[in-house]
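First the structure, in the form of structure tokens, and then the observations on it.
The values are calculated or read from the model by the stated rules, or taken from the named source; none is laboratory data. None of these values were measured; they are calculated from a predicted model. Reconstructed Cβ throughout: ideal geometry from the backbone, glycine too, with neighbour counts over all protein chains shown.
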Amino acid sequence: MGKAGWLAGAFILSMLLVYSGCGSDSGSTETSAKPKRLYPRVHGPAREFLIPGGDNAVQFFGQEATAAERVEVSHVVHPWMRARVAEDWAKDCKYLSRVYARTLINDARGVSGQGEANCAQALDFFGDEASGTSGETLTGPIDSLRVRGVKAFAQWHGPHGIDWVLPLRNEEGVWKVELAAPVERTK
């Protein structure tokens, strides 16, 4: 795994651990006459992404957004993804959160030792290792948006039966991307 791939994986893992806040269902009042739901706290579109016995931290994160909020985030993710696929790093950076852009710049400086001056130069330095080779995986609106405060996770069903997840941050009322590439849900 390349330098940026490792960083992206570590970032997603840390975000899931910090923000998952999963609760327990030990106080359930269901009787034995009713069939027990495997994941009673997950409602709406997020249920489509449950993996029985798997990592479901995103599905338990926050609350499911409204359909209008999912469309709003889709209007951010689509142009970001097109810029990423086209390797238009300056445009790509416009969709990234300030926190994540700063992280990219600092990581590029640390790895290269040359002190990249801005986000676009950092993405250019990391290239495919930062943006991945997944191409444009979002072919329609996102299917699920789990939100808690200023943090969110978008999920969608992509081509070839592959599901994707992408962390986001709300900065002053505008959703921004928190990772250089979406993460394949099964990983």
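Going residue by residue through region 70-77, is there one that turns out to be among the polar types (S, T, N, Q), over 16 Å from Ser131 (Cβ atoms) and at pLDDT 70 or above?
yes
Among the candidates Ala154, Ala181, which residue alone is under 15 Å from Val73 (Cα atoms), of a type in the set (Gly, Ala, Ser), crowded, with 17+ Cβ neighbours inside 10 Å and within 11 Å of the chain's Cα centre (by Cα)?
Exactly one residue qualifies, and that residue is Ala154.
How about region 49-87: which of its residues are surrounded by 14 or more Cβ atoms within 10 Å (Cβ to Cβ), of a type in the set (Val, Ile, Thr) and farther than 12 Å from Ser144 by Cβ?
Val76, Val77, Val85
Can Ser97 be described as at pLDDT below 50 and either surrounded by 16 or more Cβ atoms within 10 Å (Cβ to Cβ) or closer than 19 Å to Glu171 by Cβ (or both)?
When the stated conditions are applied, Ser97 does not pass them.
Could you list, in sequence order, all residues of region 117-151 that are charged (D, E, K, R) and under 14 Å from the mean Cα position of the chain (by Cα)?
Asp143, Arg146, Arg148, Lys151
Restricting attention to region 100-115, report how many residues are farther than 18 Å from Arg84 by Cβ and surrounded by 14 or more Cβ atoms within 10 Å (Cβ to Cβ).
Count: 3.
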